[in-house]
Amino acid sequence: MCDESTEEQTLDAAAWVSPSTVSIDEYGELSSAFSARMILQMLKIFKYIAVLCSLSCSLAFAATSQYVGAYSAKNQGGDAMSGTHLLIMADGNYAVIFFGGALQGTWKVLPDGGIELREWKGDSSSFLLYGRTAPGSASQVRIEFEEFQESSIKVGLTPAKDGHLRMHPAFNEDSNCYEPEYSITRPVRDLPALLLVAFPDQRADPRGQAPSDPATSLLYSFDLSAAPYNDYHVVYNKAAAHSPTVMTGHLVNGQLTLSGENGQGIGDSTFGERREISSTDLKELPEMIADLRKPTPDRVEFATGQGDSAATSVYTRVPGTSIAFDPQRVVTEEPLFTARCKK
């Protein structure tokens, strides 16, 4: 997509050939008349290039603007509120909004005239650890686990020994009826490290690329003995654990047909005819996208206490490392937590 920065390019060009950038001591005598002629010629060249760029940008936009607009797809058996809404912006961004969530990313026109929508991915870390120094005994360490209701996650509480990792599934295989909080408390000496792994997403890329190698996965390691905290929150970053959603499509009889895989039922959809994006969306959508693309914060507030003592406290992000490893090295222990409905 063109960035329409021709005016800035012209100004930068003028600054580049200005007399202040020429060193008389280095290049010897340079007549002021020759310098002036050179500057004028260079400025003409840059202005000509700027005009060509502006023209090419206009032609490119004309070719791609057929997709810019708002589209809606009514879910089968649902009403407008349960439908899927797609907004394709002229700045190269898009957003898919549906009941309970949204996707956003960038789009481009393909050589065959079709369109590709690729989800924007933020922090690539599958696990985020935050810590604070809580009042109380310094000999105890507490870790609260958030968003760990995934069967693929395993947790290690001790470093590798003899080339093997002793790890616990976060929950039992038939887990259900989850509680609002899951945490462990251990003596400091029994929690020297926190090791975490989520086995890779095996879905193939809709463009035909092979899925991740099932023989390897990323092992995340946090050295708790080096951190000055005794209270932690570890968050499973679900968005980073999956490949970016990629959808491709074409306009057919004025309707946009998309195909792809994203695990949320948006791919393989036919949207209604294009309409103009509302002025409200034109104003609010860029702000929403910019907010979603903010970097992962180094300091986060988490709830602490319950009932009358409920409050929030600031936790600081704890750095960790990640390396590829062979899952065959894992020795599976009993689940860390059990979540099962009472019969």
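When only residues in the stretch 101-114 that are assigned to a strand (DSSP E or B) and aliphatic (A, V, I, L, M) count, which is nearest to Gln66 (Cα to Cα)? The qualifying residue nearest to Gln66 (Cα to Cα) is Val109. Taking the stretch 306-343 as the range and being under 31 Å from the mean Cα position of the chain (by Cα), within 12 Å of Met167 (Cβ to Cβ) and aliphatic (A, V, I, L, M) as the test, the residues that pass are Val330, Leu336. The C-beta contact set for the stretch 323-343 (first residue more than 19 Å from Leu219 (Cα to Cα), second residue among the aromatic types (Phe, Trp, Tyr) and not in a loop (DSSP other than H, G, I, E, B), distance under 6 angstrom, 6+ apart or interchain) comprises Phe337/Phe171; Phe337/Tyr182; Ala339/Phe171. Looking across Ile289, Ile277, one residue alone is touching a residue at least 12 places away in the same chain (Cβ under 8 Å), open to solvent by less than 50 Å² (accessible area, probe 1.4 Å), part of a loop (DSSP other than H, G, I, E, B) and aliphatic (A, V, I, L, M). It is Ile277. If you go through the stretch 230-247 and pick out every residue that is surrounded by 18 or more Cβ atoms within 10 Å (Cβ to Cβ) and at pLDDT 85 or above, you end up with 9. Restricting attention to the stretch 263-296, which residues are within 22 Å of Ala240 (Cα to Cα) and either in contact with a Phe, Trp or Tyr (Cβ under 7 Å, 6 or more places away or on another chain) or at pLDDT 90 or above (or both)? Of everything in the stretch 263-296, those that are within 22 Å of Ala240 (Cα to Cα) and either in contact with a Phe, Trp or Tyr (Cβ under 7 Å, 6 or more places away or on another chain) or at pLDDT 90 or above (or both) turn out to be Ile266, Arg293.
The values are calculated or read from the model by the stated rules, or taken from the named source; none is laboratory data. Keep in mind the model is a prediction, meaning the values are calculated, not measured. Counting neighbours? That spans all protein chains shown, and the Cβs are built from the backbone with ideal geometry, glycine included. Note: accessible area is taken over every heavy atom of the protein model, side chains too, but ligands, DNA and RNA are not part of it. Shrake-Rupley method; radii C 1.70, N 1.55, O 1.52, S 1.80 Å.
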